[in-house]
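Only one structure is covered here, and it is reproduced in the block below.
The values are calculated or read from the model by the stated rules, or taken from the named source; none is laboratory data. Predicted, not measured: the structure shown is a model, and the values here were computed from it. FYI the Cβ positions are ideal-geometry reconstructions off the backbone, even for glycines, and counts take in every protein chain you see. Note: areas computed on protein heavy atoms with side chains; ligands, DNA, RNA excluded. Shrake-Rupley method; radii C 1.70, N 1.55, O 1.52, S 1.80 Å.
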Amino acid sequence: MSDALPRHASTVVVGGGIVGAATAFFLADRGERDVVLLERDGLGSGTTKGGLGGIRHQFVDELDVRLSLMATEFWREFSSFTGSAHDFEERGYLFIAETAEGLAQLKEPLPLYERLGLTVEMLDRQDIEDLVPGIRTDDLAGGRICARDGYGDPLAALAGFAAGAVLAGVRIFEGTPVQGLVRAGGRVTAVRTMKGDLHADRVLLATGCWTTPIAATAGVAVPIWPYRRSIMESGPFPSLAGIPMVIEWESGFHFRPTDGRQRFAMPNLTTDGGVEKGPGAPPATFDALDFAPLEVPPSLEPWVKARAARRHPAFADLRIASSWSCYYEMTPDDHPIVGRVPEVDGLYVAAGFSGHGFMHAPATAQLIVEEMLDGRSTTLDISDLSLERFRTGRRPFTATVL
Ligand SMILES: Cc1cc2nc3c(=O)[nH]c(=O)nc-3n(C[C@H](O)[C@H](O)[C@H](O)COP(=O)(O)OP(=O)(O)OC[C@H]3O[C@@H](n4cnc5c(N)ncnc54)[C@H](O)[C@@H]3O)c2cc1C
């Protein structure tokens, strides 16, 4: 780390979450010099610190599955690429369905997985019990698993990317908010900070759910908004240590082991106690975004305890030792915005991952670096993720926000 902000950089990455850190790493890996990453607070202090760390292939849109395939190749070899460990455990995502309708929905994408060479299996109750000994199955219609799914540690991965980037010459400045973008005609020329302007050939906004206001300083409308979600963690919990990520398809409740504990993710609850699996419609305007306070709603803990005890007797006396809330960074189609900003040369966005930005970070970073350095992404066509789609029309995405 250094505190003398340079006056010029080839590329400025704004935002030190998993996406910004991974992009800085890939820029350096491609031999790019004079890369600077600016983080307003500390590395990982945004959404990345709050995530569950899940890594899955089981999406229903082909592009998402392809991004996962690309990303997990990297996650598997993370230590040889970055020199750091990141605790990737390929233990699978086990979706369980209580209804025949839910089971039919789980079966729907099987042809897609088969076409892409991804092994995904449907399971009966016995298979589920074999994977998660003791789990209640009498209320289940069946399940689905992809053994290549798993989970990792978002902050450890971020630290690995950042360390690799710094060792390759990237300069990282924490405590350095970007106050605005400086434009000269149709080009971005600098970012404005309290320490002065930093001129740049390219600027990448990897600023998560805070991207909309910063992009607006360059006259660019970006439709990303924050949606609060929560996580809970048990006290020491030695049993169920090696199980897959278990997801109740209908309720959205899920859990997985981590470091001798169990970690739980859950949908939001409505005021009348109903389940809200994802946000509804986007806000009417993006001018004054509603950043709900990051407090865990008190109604969640009893709901989680009841749900957990109902699913597995080992959770009968569950003690929640810690809990936290963080923001999903939503877009109107639950898919990220990745690519150049058409009306401002040199300006790029990689944000709005709608609850799955950790798992796709290595793929996103590699592809946005290809756009920046080669003019377009060549490993995988990501033009469907461009900001333009919200202006000129877009193909429908099928999203699965968990
Ligand atoms: C409860 C929960 C569970 C989740 N579970 C999963 C999961 O299982 N799997 C998965 O893949 N994803 C999951 N996610 C989503 C994942 O955590 C995010 O998609 C991912 O962390 C986004 O990373 P990012 O780098 O885009 O954003 P962030 O981590 O938010 O990073 C953006 C950074 O930009 C900085 N910044 C903002 N404005 C400025 C500025 N003006 N100047 C300088 N810096 C600025 C912020 O301080 C922040 O550090 C979950 C999220 C939540 C909330």
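Structure values in brief
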read-out	value
Top-ranked residue of region 372-396 - restricted to ones that are open to solvent by 30 Å² or more (accessible area, probe 1.4 Å) and touching a residue at least 60 places away in the same chain (Cβ under 8 Å), ranked as nearest to residue 35 (Cα to Cα)	373
In region 146-178, residue nearest to the ligand (Cβ to nearest atom) [restricted to those that are part of a strand (DSSP E or B) and in contact with a helix residue (DSSP H, G or I) (Cβ under 7 Å, 6 or more places away or on another chain)]	178
Some residue of region 246-259 being without any contact (Cβ under 8 Å) to a residue 12 or more places away in the chain and out of contact with any Cys (no Cβ under 6 Å at 6 or more places or on another chain)	yes
Number of the exception - residue 86 against (1) crowded, with 19+ Cβ neighbours inside 10 Å; (2) at pLDDT 95 or above	(2)
Pick from region 23-56, criterion part of a helix (DSSP H, G or I) and more than 8 Å from the ligand (Cβ to nearest atom), ranking: most open to solvent (accessible area, probe 1.4 Å)	29
Filtered residues of region 267-290 (kept if open to solvent by 60 Å² or more (accessible area, probe 1.4 Å), more than 25 Å from residue 244 (Cβ to Cβ) and not acidic (Asp, Glu))	271, 280, 281, 284, 285, 288
Condition check for residue 19: farther than 20 Å from residue 95 by Cβ, more than 9 Å from the ligand (Cβ to nearest atom) and not hydroxyl-bearing (Ser, Thr, Tyr)	no
Options 80, 10; residue that is part of a strand (DSSP E or B), more than 11 Å from the ligand (Cβ to nearest atom) and open to solvent by 10 Å² or more (accessible area, probe 1.4 Å)	10
Matching residues in region 312-361 - criterion: being in a strand (DSSP E or B) and among the basic types (Lys, Arg)	340
Failed item in (1) near the ligand (Cβ under 10 Å from one of its atoms); (2) under 24 Å from residue 85 (Cα atoms), with residue 210 passing the rest	(2)
Near pairs, Cβ below 8 angstrom, 6+ apart or cross-chain, from region 28-56 (within 16 Å of residue 166 (Cβ to Cβ)) to any residue that is among the aromatic types (Phe, Trp, Tyr) and near the ligand (Cβ under 7 Å from one of its atoms)	none
Selected residue (criterion: surrounded by the fewest Cβ atoms within 10 Å (Cβ to Cβ)) from residues of region 179-207 that are within 14 Å of the ligand (Cβ to nearest atom), free of Cβ contacts under 8 Å to residues at least 40 places away in the same chain and among the small types (Gly, Ala, Ser)	180
Cross-chain or 6+ apart pairs with Cβ under 6 Å, region 289-316 first and closer than 21 Å to residue 274 by Cα, then part of a helix (DSSP H, G or I)	308/315; 309/315
Residue list for region 99-115, restricted to those being open to solvent by 30 Å² or more (accessible area, probe 1.4 Å) and not in a helix (DSSP H, G or I)	99, 108
Qualifying residue in region 151-166 (condition: touching a strand residue (DSSP E or B) at 6+ places or on another chain (Cβ under 9 Å) and within 16 Å of residue 254 (Cα to Cα))	yes
Number of the condition not met by residue 320 [criteria: (1) surrounded by fewer than 23 Cβ atoms within 10 Å (Cβ to Cβ); (2) within 25 Å of residue 186 (Cβ to Cβ); (3) within 16 Å of the ligand (Cβ to nearest atom); (4) among the aliphatic types (A, V, I, L, M)]	(2)
Complete set of residues in region 216-266 that are in a loop (DSSP other than H, G, I, E, B), open to solvent by 20 Å² or more (accessible area, probe 1.4 Å), among the aliphatic types (A, V, I, L, M) and under 30 Å from residue 389 (Cβ atoms)	221
